[in-house]
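Participant: I'd like to ask you about the structure that follows.
The values are calculated or read from the model by the stated rules, or taken from the named source; none is laboratory data. What you see is a predicted model, and the numbers here were worked out from it, not measured in a lab. Positions of Cβ are generated from backbone atoms using ideal geometry, with glycine treated the same way; all protein chains shown enter the neighbour counts. With ligands, DNA and RNA removed, areas are computed over all heavy atoms of the protein, side chains included. Shrake-Rupley method; radii C 1.70, N 1.55, O 1.52, S 1.80 Å.
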Amino acid sequence: MSKLGNLGARLHRGEISYDFVGKRKIWYGVSILITITAIVGLAVRGLNMGIEFQGGAVFTTPTKMSTSVAQAEEYANTASGHQAVVQKLGNGSLRIQIAGIDTGQSDKIKQELAKDLNLDPEKLAADLVGPSWGEQIANKAWEGLAIFMVLVVIYLAIAFEWRMAIAALVALIHDITITTGIYALVGFEVTPGTVIGLLTILGYSLYDTVVVFDSLKEQTKDITKQTRFTYSEIANRSINGTLVRSINTTVVALLPVAGLLFIGGGFLGAGTLNDISLSLFVGLAAGAYSSIFIATPLVADLKEREPAMRALTKRVLAKRAQAGADDDVAEARYGGDEADDDGAPAVVGPRHQPASRGRGRGRTSGKRR
């Protein structure tokens, strides 16, 4: 068995564990800090909306252009008076996007660009994009997101319970906020591909969360009938038991997405692949984090507020305190030198037999003379 497989088996059996739930205040603090940073980025810098949402023109050059991206960007900025976005595609052609221009401006810019690029204007393809199309995509995306959230809450409330539904909803909002905040801070362009990627990551994030919740639901059946573990401790065991599985799932999902992002988008210049894979890459990492550090600890927090769980915690702690007191008494009675490796007394029962009372006290054994 590999080291990772052996680690996963030991985590599943509870032989080793990391106290995720016990240190939940640290994770809450980290998440709040990241979320605030993302919100500030959205408020200050805003999202760099693509041409599909603002409207404008897209110019595409023939293949095997000798002009560099920087030169083409300079030509487009000078010709239009707007900030242009230039991408080099896999076939060697250039894709020049200029937002906020109308048809009349597009024709004039096309002539100037063709002159600067030493091209026949007829070979420079131009497409106009209206802002209404992008608005429709955005509105449909918001509607789909709202419907998805409602269905998720209903399903989790029925399949598990309402506290888990709330925790999963908080984790999903956390993932979306962080992903959009990173887009704002770094200045990545938001396109319809980005919207598709954002909607896709919700399923991945929810999958990891539901896996942990299912394990937690199974282990907390009849939890009040035992006094060995509190709810938070069982929640922590659920996280540790599914930790390696969550890591494997996330890594396997991130590898092809990273290939699309760094190879498809970076080397081949596939704009749509770049837009989708970037949001997927950030969202998958955020979803794996939230399922471990946010969703389950939040469920434990909510459950520990119940009177039944509070009573269970008191019984568990009282039993442990009594067991500790019994151990202290045994150690004081028998001494630590006769304890075994586990701390239990090596000799059970009286240490010495009492001296017999009666005749022969203090004498050696034998017949009376």
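Participant: Give the residues of the range 80-118 that are among the aliphatic types (A, V, I, L, M) and in contact with a Pro (Cβ under 7 Å, 6 or more places away or on another chain), sorted by residue number. Give the steps one after another, and end with the answer.
Facilitator: So in the range 80-118, the residues among the aliphatic types (A, V, I, L, M) come out as 84-86, 89, 94, 96, 98-99, 101, 109, 113-114, 117.
Across the range 80-118, the qualifying residue is only 114.
Participant: Against the definition (buried (at least 18 other Cβ atoms within 10 Å of the Cβ), under 30 Å from residue 129 (Cα atoms) and more than 17 Å from the chain's Cα centre (by Cα)), how does residue 186 come out, yes or no? Step through it out loud before you land on a result.
Facilitator: Numbers: buried (at least 18 other Cβ atoms within 10 Å of the Cβ): no; under 30 Å from residue 129 (Cα atoms): yes; more than 17 Å from the chain's Cα centre (by Cα): yes.
Spelling it out, it is not the case that residue 186 is buried (at least 18 other Cβ atoms within 10 Å of the Cβ), under 30 Å from residue 129 (Cα atoms) and more than 17 Å from the chain's Cα centre (by Cα).
Participant: To continue, here is another question. Does the range 15-24 contain any residue that is modelled with pLDDT under 75, touching a helix residue (DSSP H, G or I) at 6+ places or on another chain (Cβ under 6 Å) and assigned to a loop (DSSP other than H, G, I, E, B)? Steps first, please.
Facilitator: Our first condition is that a residue be modelled with pLDDT under 75; within the range 15-24, this holds for 15-16.
With touching a helix residue (DSSP H, G or I) at 6+ places or on another chain (Cβ under 6 Å) added as a condition, the list becomes 16.
Next cut, assigned to a loop (DSSP other than H, G, I, E, B) only: 16.
Yes: one or more hits.
Participant: Tally the residues that are open to solvent by 80 Å² or more (accessible area, probe 1.4 Å), within 30 Å of residue 106 (Cα to Cα) and not charged (D, E, K, R), restricting the search to the range 16-57.
Facilitator: Residues meeting the conditions: 1.
Participant: Does residue 86 satisfy the condition of being closer than 30 Å to residue 204 by Cβ, surrounded by 15 or more Cβ atoms within 10 Å (Cβ to Cβ), touching a residue at least 12 places away in the same chain (Cβ under 8 Å) and in contact with a helix residue (DSSP H, G or I) (Cβ under 8 Å, 6 or more places away or on another chain)?
Facilitator: Values: closer than 30 Å to residue 204 by Cβ: no; surrounded by 15 or more Cβ atoms within 10 Å (Cβ to Cβ): yes; touching a residue at least 12 places away in the same chain (Cβ under 8 Å): yes; in contact with a helix residue (DSSP H, G or I) (Cβ under 8 Å, 6 or more places away or on another chain): yes.
No: the conditions fail for residue 86.
Participant: Another question, if that's okay. I'm trying to understand the selection: among the residues of the range 150-179, which are surrounded by fewer than 22 Cβ atoms within 10 Å (Cβ to Cβ), hydroxyl-bearing (Ser, Thr, Tyr) and closer than 20 Å to residue 39 by Cα?
Facilitator: Residue satisfying the conditions is 177 alone.
Participant: I've got another one for you. Quick check, is residue 76 surrounded by 12 or more Cβ atoms within 10 Å (Cβ to Cβ), at pLDDT 80 or above, in contact with a Gly (Cβ under 6 Å, 6 or more places away or on another chain) and under 30 Å from residue 135 (Cβ atoms)? Full working, then the answer.
Facilitator: Values: surrounded by 12 or more Cβ atoms within 10 Å (Cβ to Cβ): yes; at pLDDT 80 or above: yes; in contact with a Gly (Cβ under 6 Å, 6 or more places away or on another chain): no; under 30 Å from residue 135 (Cβ atoms): yes.
When the stated conditions are applied, residue 76 does not pass them.
Participant: Out of all the residues in the range 53-70, which are of a type in the set (S, T, N, Q) and either closer than 30 Å to residue 135 by Cβ or touching a strand residue (DSSP E or B) at 6+ places or on another chain (Cβ under 9 Å) (or both)? Write out each step before concluding.
Facilitator: Residues of the range 53-70 of a type in the set (S, T, N, Q): 54, 60-61, 63, 66-68.
Those that are of a type in the set (S, T, N, Q) and either closer than 30 Å to residue 135 by Cβ or touching a strand residue (DSSP E or B) at 6+ places or on another chain (Cβ under 9 Å) (or both): 54, 60, 61, 67, 68.
Participant: Also: Residue 183 is checked against (1) closer than 18 Å to residue 41 by Cβ; (2) without any contact (Cβ under 8 Å) to a residue 40 or more places away in the chain and fails just one. What number does that condition carry?
Facilitator: (2)
Participant: Here's something else I'd like to know. Return the residues of the range 88-131 that are small (Gly, Ala, Ser) and in contact with a Leu (Cβ under 8 Å, 6 or more places away or on another chain); say none if nothing qualifies.
Facilitator: The first filter runs over the range 88-131 and keeps only residues small (Gly, Ala, Ser), leaving 90, 92-93, 99-100, 104, 106, 114, 125-126, 130.
Matches in the range 88-131: 90, 106, 114.
Participant: Same structure, new question: Out of the range 183-192, which residues are out of contact with any Gly (no Cβ under 8 Å at 6 or more places or on another chain) and either in a helix (DSSP H, G or I) or polar (S, T, N, Q) (or both)? Can you show your working first?
Facilitator: Let us first name the residues in the range 183-192 that are out of contact with any Gly (no Cβ under 8 Å at 6 or more places or on another chain), namely 183, 186-188.
Hits for the range 183-192 are 183, 186.
Participant: How do the pairs read when you match residues in the range 250-273 that are modelled with pLDDT of 60 or more with residues anywhere that are open to solvent by 20 Å² or more (accessible area, probe 1.4 Å) and not in a helix (DSSP H, G or I), using Cβ under 9 Å and keeping only pairs 6 or more apart or on different chains?
Facilitator: Filtered contacts from the range 250-273: 260/270; 264/90; 264/270.
Participant: Quick test for you: out of 114, 72, pick the one residue that is of a type in the set (A, V, I, L, M) and under 21 Å from residue 189 (Cβ atoms). If you could, list the steps in order and put the result at the bottom.
Facilitator: Working: 114 fails: under 21 Å from residue 189 (Cβ atoms).
Among 114, 72, only 72 is of a type in the set (A, V, I, L, M) and under 21 Å from residue 189 (Cβ atoms).
Participant: Can you name every residue in the range 108-129 that is outside any strand (DSSP E or B), surrounded by 14 or more Cβ atoms within 10 Å (Cβ to Cβ) and touching a residue at least 40 places away in the same chain (Cβ under 8 Å)?
Facilitator: Scanning the range 108-129 gives 109, 110, 113, 116, 117, 119, 124.
Participant: Hey, can you tell me all the residues within the range 222-243 that are free of Cβ contacts under 8 Å to residues at least 40 places away in the same chain and closer than 17 Å to residue 302 by Cα?
Facilitator: Residue satisfying the conditions is 234 alone.
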